[in-house]
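Values quoted throughout were computed directly from the atomic coordinates according to the rules given, and no laboratory measurement underlies them. These numbers were taken from a predicted model, which means no experiment stands behind them. Every residue, glycine as well, gets a Cβ built from its backbone with ideal geometry; the counts of neighbours run over all protein chains shown.
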Number of protein chains: 2
Amino acid sequence: MTADTGSGAGAEAGADSVTEVLSALADPTRRRILDALAAHGEATATVLAAELPVSRQAIVKHLGVLDRAGLVAGHREGREARYRVVPERLGVAARWMDRIAAEWDGRLAAIKRLAEGQGTGAD
Amino acid sequence: MTADTGSGAGAEAGADSVTEVLSALADPTRRRILDALAAHGEATATVLAAELPVSRQAIVKHLGVLDRAGLVAGHREGREARYRVVPERLGVAARWMDRIAAEWDGRLAAIKRLAEGQGTGAD
DNA sequence: GCTACGTGCAACCATTGGGTAGCACGTACG
DNA sequence: CGTACGTGCTACCCAATGGTTGCACGTAGC
């Protein structure tokens, strides 16, 4: 979150990137931050704090979480730290969820088949 | 979570269904429960507690959260309460995430266009 | 009818997490 | 060179949450 080391989730996936992304996204305030960030293209914590009902420090903390999840990236520009949104991670998470949903569907279908056509074997 | 009134999220979406689904999914234990549930097709809290490293009551609590999020549904069968996974919600959440990702992409592209082709107007 | 298994509920504990306030440091600007 | 703005860090508070144990109730089976 130092805004110059960049994203903690940029390369590795140490502590379950899925958990990081999902829990980062689970917080409404964090989603509002992401939304405001997407609207501005780039913004500082101070600017974001001005249009959200939380303090600057809270924004900084949230940006830290979002950065670790790889959903935002920050860089220093003079004396201010600008952050921007990173859409890729969200897409990855969306695809992951879709895959799991499909997997569940498959398993449920298989089980249903077994339960219904016990002796049939091939429906 | 009474398993006979059914899913709390079955009809309404009182407290932000997005938040409910995401925070429900954010917990690793909860994801393992969902996984085990999908593997069994149907299972009781006791069965799940047997193959996960948490107590039965913990499972029950998690099932409550998952039920409120609409990710599982339960029904009584004799003296046991069986739960099953509900894949639809996950798909909905996945599509929501994909939509947001696309939205971000659009906004970022527009902003980039403005920044690069200030005087050009058409790249 | 008694026993045993499974569930539901309530109390309780420890940890995490969102939020705030205060302070120290660096950087731009007069 | 001094001032002002913006950032970063630490300490602290309160609520929510994951987890546990214990107990009471209903239901199935002998």
Checklist entry - How far apart are the B:ALA109 label points across copies, placing each 7 Å from Cα toward Cβ, in nm, shortest first? => result 3.2
Next on the checklist: Give the residue list of trypsin sites (Lys or Arg not before Pro) in region B:39-91 that are DSSP loop and have at most 11 other beta-carbon atoms within 10 angstrom.
Outcome noted: B:ARG79
Checklist entry - B:VAL54 label points, 7 Å along Cα→Cβ, one per copy: pairwise distances from this copy to the rest in nm, shortest first? => result 2.4
Next on the checklist: Once the label point is set 7 Å along the Cα-to-beta-carbon vector, what list of distances in nm do you get between B:THR19 and its counterparts in the other copies?
Outcome noted: 2.3
Checklist entry - What does the average come to when, for each residue of peptide A:96-103, you count the partner chain Cβ atoms lying within 10 Å of its Cβ? => result 6
